[in-house]
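Asks: Here it is: the structure, laid out below.
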Amino acid sequence: MSGEDTIEVAGGTPETAQPFKELGLTEDEYQKIRDILGRRPTAAELALYSVMWSEHCSYKSSKVHLRNLAPTADQSQYLLAGIGANAGVVDIGQGYAVTFKIESHNHPSFVEPHQGAATGIGGIVRDILAMGARPIAVMDALRFGPADAHDTARVLPGVVSGISFYGNCLGLPNIGGELAFDASYAGNPLVNALCVGLMRHDDLKAAVATGLGNKVILFGSRTGPDGVGGASVLASATFGDDGGKSAKRPSVQVGDPFMEKLLVECCLELYAADLVEGIQDLGAAGVACATTELAAGGDGGMFVDMDAIPLRDPNLTPAEILMSESQERMMAVVKPKRVDAFLAICRKWDVEATVIGEVTGDGLLTMTWRGGTVVKIPPQTAADGPVYQRPYARPDTLDALQVAGPEGLHRPADGAALRDTLLRLLGSPGLADKRWVTQQYDSLVRGNTVLAMPEDGGLLRVAEETGLGIALATDGNGRYCTLDPYQGTQLMLAEAYRNVAMTGAVPVAVTNCLNFGSPEDPAVMWQLAEAIRGLADGCKHLGIPVTGGNVSLYNQTGATAIHPTPVIGVLGVHEDVRRRPGAGFTVDGAQVVLLGT
Amino acid sequence: MATVIVDVMLKQEIHDPQGEAVLSASHRLGFGAVKGVRQGKRFEVELEGPADGAALAAVEELARELLANPVIEEFSVHATE
Amino acid sequence: MATVIVDVMLKQEIHDPQGEAVLSASHRLGFGAVKGVRQGKRFEVELEGPADGAALAAVEELARELLANPVIEEFSVHATE
Amino acid sequence: MGVVTFPGSLDDTDAARAVRYAGAEPVSLWHSDRDLRGVDAVVLPGGFSYGDYLRCGAIARFSPVMGELIPAARAGLPVLGICNGFQILCEAHLLPGALTRNAGLRFIHADVRLAVTDARTPWTAGYSAGQVLNVPVKNGEGAFVADEATLDELERTGRVVVRYADGAPNGSARDIAGICNAEGNVVGLMPHPEHAIDPLTGPSADGLGFFTSIVAAFAGAGLGARA
Ligand SMILES: Nc1ncnc2c1ncn2[C@@H]1O[C@H](COP(=O)(O)OP(=O)(O)O)[C@@H](O)[C@H]1O
């Protein structure tokens, strides 16, 4: 049906019932789309709005609070691009800039741990690539249910093997991360992946479609039926509470790290040859998101000939093509004169590339399919999405939690009990050696890793001649943040900040991944608001900007939310990595000094 | 002693990068008549008793539980002659 | 269009850690009747023309050259019905 | 010294850096060029050529540059295959045996102690026999296998070049970490000497010897005079 659902058809059939609820839109949102268009949306348009207006893509619940982070950027002399871009860009001196970001892939990693985690790495790497940078390292912050829980035995090895498979094959050193266990993650593990990229100042790329007549090129893997509707359905709806019905479970995406490696090298060569006017990675929401954001970021409009999009499955409908989350794809805007050179570089890297449209001057995003127009919308309306002021309230269970301080806890009475307690602590999964995980990661590839596991922060050399480097650390603690999301978030910020400082680097920027439960629960919304307020205040104190991040909501099993878990990543600049201090006692007879209170 | 075969393949709609890599290598090697390749797994499961209905049913369950990942793969079970 | 199957298995004398891992997992899951497992690969090769003698011979060659490593693996080729 | 880049090669920049540290000039060789650009020796670096999707090294073996390299190696050109490079050399039958899934079925990255058992190849001449090196391994399919006759032959003819000193972390037959061909000019090993050239970025500088050995060989025995 959708094959013929053109805007003309839609205009003539206002009464046709549309599956907006199944696509995750509310009654109000659906009506708003009709108001914007002055008619009912076509099936393709409905699909497009549904993914763009999903919580995952539109930040509709968190946006009002995230605004509080913006002022932290003003105080930084280091920032070249801030929140709003795919990832923030930080000047690190000597002509170099660094971009970094952390992102969640929690829900897919629960459904299919190996591929879910693998494609999580793939997604964040393309984000960094789209900024014009060469990805140079990854980190992963992982949280699972109790180590002995049945699902943990399924999920943990799969997640780690997925990160190992994708990151190693891509040739990105894994320089650190976290591994924590808590019952609150048993039905909803957290898989947060960070990527950092390096560029020269003038390499910065923007996700904009400008220049009338410029061509739009889709390149990388073909579009298939992978994860159709994933963004709108999976990441926006609590799962596990649908009574076991699997109707909402989208097909899983399979990662192809080899194609991603080719895509990385291909993009970097395209950048070096100055063939790219604008570029966007295809993540959740695929072609819908890339076209909308490129068009909305530009000043004209965009025309897309959907018949030109190379498909892996010829039976896909326009709606499915728009929503497909097929991995390892990018979209670029290229001057007509340079298209041939662009395609030649893609051929060199065996990357399929196709001109699918061009920049227009009418301010609209228009798409045709088999002779009919199936999309014609003002792109900004899809890119911006609704903004919600969700009610929030401090949970009334908190007082009871907070009064139960450590004073009442049993203390070891003698040496033997102390020894026993210490051994139990050391043997607990949270503190035990992480080698089972970290051994599966290549931390050395590219030959610039100065510190990685088991150090508190990762340290990378950027310039061989001068020793310039960058340090990174991530930290999170859901238990602290349950007790006090404001303070807890600041504690995590401080910890990541210290871990970076420990390497000898000066902390200069912050990224964050906010993992919370359902925003429709006022208690969760309060946690989110408090955590963001804490982060904003903490960054103001420390004088460093938040350059980007990611919000992952609906992390819960049934009605029970995970612990509020902001994961904070801090980036530091190291003047000379050859002067890094190591952790651990190195010299006999050295003095041990305790700093701080 | 009987041997039962379990073939596990990615579902049709799931992307198969391995098969694609083999396909393009086949073309580079001059096997132009090859139009598509999908790569899967083959298990040879040796059983104590005969490959009767009960045994096949057990292997079937083993395949579902362990050998195949039902989220992305499908499988078929058959006895060898 | 015809589909030809290529099964590739490790030679008997080559150690198969994947098969062994599956074997012990089977036992843990209570499938005691399983006495041995070997894990190999299965390729579904789609051909332009019919799966006649010439086509099978070509796939046979593809298997020898590319799909199997004769140092450690053996293979068999057959058309699907 | 040539360093080949296949699609999916990852340690090519590291190998080139090691070549530079050893005092030679790295020349980058592209997989689809039928051209060795007159280099005196070639390094096949680590990585996941073609994603290692079929078998590690299986597809790279057929690339045009290998079409040039295989006869040149047979004619005596020194070739060092590291990790994926070793796998490619086995797939190309320049070295016997094959590399299979690690015993634990997981990717392993660890620093290992490596004993140099054959210091006669042009790639190991700078070491003394029995010397122990601290270098990293990182692979998912690093278990060397060959039939008993081949293993016996390798041992008898002294072609096991390096061995895991504390036991193979991956189930490699007879703890073999690296071997050479009968002539000694082609060496393959799973551990990564190019990641042990500077204590700043690796566990030691012990691996540099592979690269300085070959450079010394050019300077001494006139290997560099190859036409
Ligand atoms: N999921 C992971 N990915 C990569 N590195 C990890 C992961 N989990 C832990 N690590 C690394 O292992 C080391 C030890 O971790 P951990 O014991 O949590 O350290 P700490 O408690 O000091 O933060 C650190 O270097 C950390 O970066």
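The values are calculated or read from the model by the stated rules, or taken from the named source; none is laboratory data. Treat the numbers as computed from the prediction; the structure is a model and nothing was measured. Please note: Cβ atoms are built from the backbone with ideal geometry, for glycine as well, and neighbour counts cover all protein chains shown. Only protein heavy atoms, including side chains, enter the accessible area calculation; ligands, DNA and RNA are left aside. Shrake-Rupley method; radii C 1.70, N 1.55, O 1.52, S 1.80 Å.
Asks: So which pairs qualify, if the first residue must be in region A:15-35 and of a type in the set (S, T, Y), the second must be open to solvent by less than 40 Å² (accessible area, probe 1.4 Å), the Cβ gap must be under 6 Å, and the two must be at least 6 apart or on different chains?
Replies: If the second residue must be open to solvent by less than 40 Å² (accessible area, probe 1.4 Å), the pairs left are A:Y30/A:F20.
Asks: Going through region D:28-46 one residue at a time, which ones are surrounded by fewer than 22 Cβ atoms within 10 Å (Cβ to Cβ) and touching a helix residue (DSSP H, G or I) at 6+ places or on another chain (Cβ under 9 Å)?
Replies: D:S28, D:W30, D:H31, D:S32, D:D33, D:R34, D:D35, D:L36, D:D40
Asks: Which of (1) within 16 Å of the ligand (Cβ to nearest atom); (2) open to solvent by 70 Å² or more (accessible area, probe 1.4 Å); (3) assigned to a loop (DSSP other than H, G, I, E, B); (4) more than 14 Å from every other protein chain (Cβ to nearest Cβ) does A:R394 not meet, given it meets every other one?
Replies: If we test A:R394 against (1) within 16 Å of the ligand (Cβ to nearest atom); (2) open to solvent by 70 Å² or more (accessible area, probe 1.4 Å); (3) assigned to a loop (DSSP other than H, G, I, E, B); (4) more than 14 Å from every other protein chain (Cβ to nearest Cβ), just (1) comes out false.
Asks: If you go through region D:103-147, how many residues are in a loop (DSSP other than H, G, I, E, B) and either more than 14 Å from chain A (Cβ to nearest Cβ) or among the charged types (D, E, K, R) (or both)?
Replies: So the count comes out to 19.
Asks: While we're looking at this one, here's another question. When you scan region D:154-171, how many residues do you find that are within 14 Å of another protein chain (Cβ to nearest Cβ) and either among the hydrophobic types (A, V, I, L, M, F, W, C) or open to solvent by 10 Å² or more (accessible area, probe 1.4 Å) (or both)?
Replies: 4
Asks: Taking the options A:V159, A:V125, A:V111, name whichever one is within 15 Å of the ligand (Cβ to nearest atom) and either in contact (Cβ under 8 Å) with a residue 40 or more places away in the chain or under 26 Å from A:S324 (Cβ atoms) (or both).
Replies: Checking each option against the conditions leaves just A:V159.
Asks: Please go through region B:65-79 and pick out each residue that is surrounded by fewer than 15 Cβ atoms within 10 Å (Cβ to Cβ) and within 11 Å of another protein chain (Cβ to nearest Cβ).
Replies: Selection gives B:E65, B:P70, B:S76.
Asks: Scan region A:168-181 and report the pairs whose first residue is in contact (Cβ under 8 Å) with a residue 40 or more places away in the chain and whose second residue is open to solvent by 30 Å² or more (accessible area, probe 1.4 Å) and in a helix (DSSP H, G or I), with Cβ atoms within less than 8 Å and a gap of 6+ or a chain change.
Replies: Matching pairs, first to second residue: A:N174/A:T438.
Asks: On the basis of being at the interface with chain B (Cβ under 8 Å from one of its Cβ atoms) and over 18 Å from B:R38 (Cβ atoms), does C:V45 make the cut?
Replies: no
Asks: What are the residue pairs meeting all of these: first residue in region D:45-70, first residue more than 15 Å from B:A25 (Cβ to Cβ), second residue in a helix (DSSP H, G or I) and open to solvent by 20 Å² or more (accessible area, probe 1.4 Å), Cβ atoms under 8 Å, and 6 or more apart or on different chains?
Replies: From residues that are more than 15 Å from B:A25 (Cβ to Cβ), the pairs are D:P45/D:D12; D:G47/D:D12.
Asks: Filter region A:450-470 down to the residues that are outside any loop (DSSP other than H, G, I, E, B) and within 12 Å of the ligand (Cβ to nearest atom), then identify the one that is farthest from the other protein chains (Cβ to nearest Cβ).
Replies: So, considering only residues that are outside any loop (DSSP other than H, G, I, E, B) and within 12 Å of the ligand (Cβ to nearest atom), the one farthest from the other protein chains (Cβ to nearest Cβ) is A:G458.
Asks: Continuing with the same structure: Please specify each residue of region A:185-204 satisfying the condition of being away from the ligand (no atom under 16 Å from the Cβ) and buried (at least 24 other Cβ atoms within 10 Å of the Cβ).
Replies: A:N188, A:G197
Asks: Turning to a different aspect of this structure: State all residues of region A:432-459 that are within 20 Å of A:L156 (Cβ to Cβ) and either more than 27 Å from the chain's Cα centre (by Cα) or of a type in the set (D, E, K, R) (or both); if no residue qualifies, say none.
Replies: Hits for region A:432-459 are A:A432, A:D433, A:K434, A:R435, A:D442.
Asks: To continue, here is another question. Can you pull out every residue in region A:483-504 that is surrounded by 22 or more Cβ atoms within 10 Å (Cβ to Cβ) and either more than 14 Å from the ligand (Cβ to nearest atom) or outside any helix (DSSP H, G or I) (or both)?
Replies: Selection gives A:P485, A:G488, A:T489, A:Q490, A:L493, A:T503.
Asks: Got a sec? Which helices (runs of 4 or more DSSP H) wholly within region A:56-139 have at least 2 residues that are among the aromatic types (F, W, Y) and either touching a Lys or Arg at 6+ places or on another chain (Cβ under 8 Å) or modelled with pLDDT of 95 or more (or both)?
Replies: No helices (runs of 4 or more DSSP H) qualify here.
Asks: Let me ask something else. Does region A:415-422 include one or more residues that are of a type in the set (D, E), away from the ligand (no atom under 16 Å from the Cβ) and out of contact with any Leu (no Cβ under 9 Å at 6 or more places or on another chain)?
Replies: For region A:415-422, residues of a type in the set (D, E), away from the ligand (no atom under 16 Å from the Cβ) and out of contact with any Leu (no Cβ under 9 Å at 6 or more places or on another chain): present.
Asks: Next question. Select from region B:37-64 the residues that are open to solvent by less than 50 Å² (accessible area, probe 1.4 Å) and closer than 28 Å to A:P108 by Cα and list them in ascending order.
Replies: Once the filter is applied, which keeps residues that are open to solvent by less than 50 Å² (accessible area, probe 1.4 Å) and closer than 28 Å to A:P108 by Cα, region B:37-64 yields B:V37, B:R38, B:Q39, B:G40, B:R42, B:F43, B:L62, B:A63.
Asks: Mind checking which residues of region A:535-548 are surrounded by fewer than 24 Cβ atoms within 10 Å (Cβ to Cβ) and either part of a loop (DSSP other than H, G, I, E, B) or of a type in the set (G, A, S) (or both)?
Replies: A:A536, A:G538, A:G543
Asks: What helices (runs of 4 or more DSSP H), lying completely within region D:8-93, carry at least 3 residues that are closer than 16 Å to D:N185 by Cα and either at pLDDT below 95 or in contact with a Gly (Cβ under 9 Å, 6 or more places away or on another chain) (or both)?
Replies: Those helices (runs of 4 or more DSSP H) span D:84-91.
Asks: Taking the residues in region A:436-449 that are at the interface with chain D (Cβ under 7 Å from one of its Cβ atoms) and within 13 Å of the ligand (Cβ to nearest atom) as candidates, determine which candidate is most open to solvent (accessible area, probe 1.4 Å).
Replies: Selected residue: A:Q439.
Asks: When you check B:V34 against the structure, is it away from chain A (no Cβ under 14 Å), crowded, with 21+ Cβ neighbours inside 10 Å and out of contact with any His (no Cβ under 6 Å at 6 or more places or on another chain), yes or no?
Replies: yes
Asks: When you scan region A:190-204, do you find a residue that is within 11 Å of another protein chain (Cβ to nearest Cβ), at pLDDT 95 or above and touching a strand residue (DSSP E or B) at 6+ places or on another chain (Cβ under 9 Å), even just one?
Replies: Scanning region A:190-204, I find no residue that is within 11 Å of another protein chain (Cβ to nearest Cβ), at pLDDT 95 or above and touching a strand residue (DSSP E or B) at 6+ places or on another chain (Cβ under 9 Å), so the answer is no.
Asks: Residue by residue through region D:80-98, note down the ones that are of a type in the set (A, V, I, L, M) and within 20 Å of D:T157 (Cα to Cα).
Replies: D:L80, D:L89, D:L94, D:L95, D:A98
Asks: Sticking with this structure for a sec: Any chance you could count how many residues in region B:7-31 are within 14 Å of chain A (Cβ to nearest Cβ) and aromatic (F, W, Y)?
Replies: Final tally of qualifying residues: 0.
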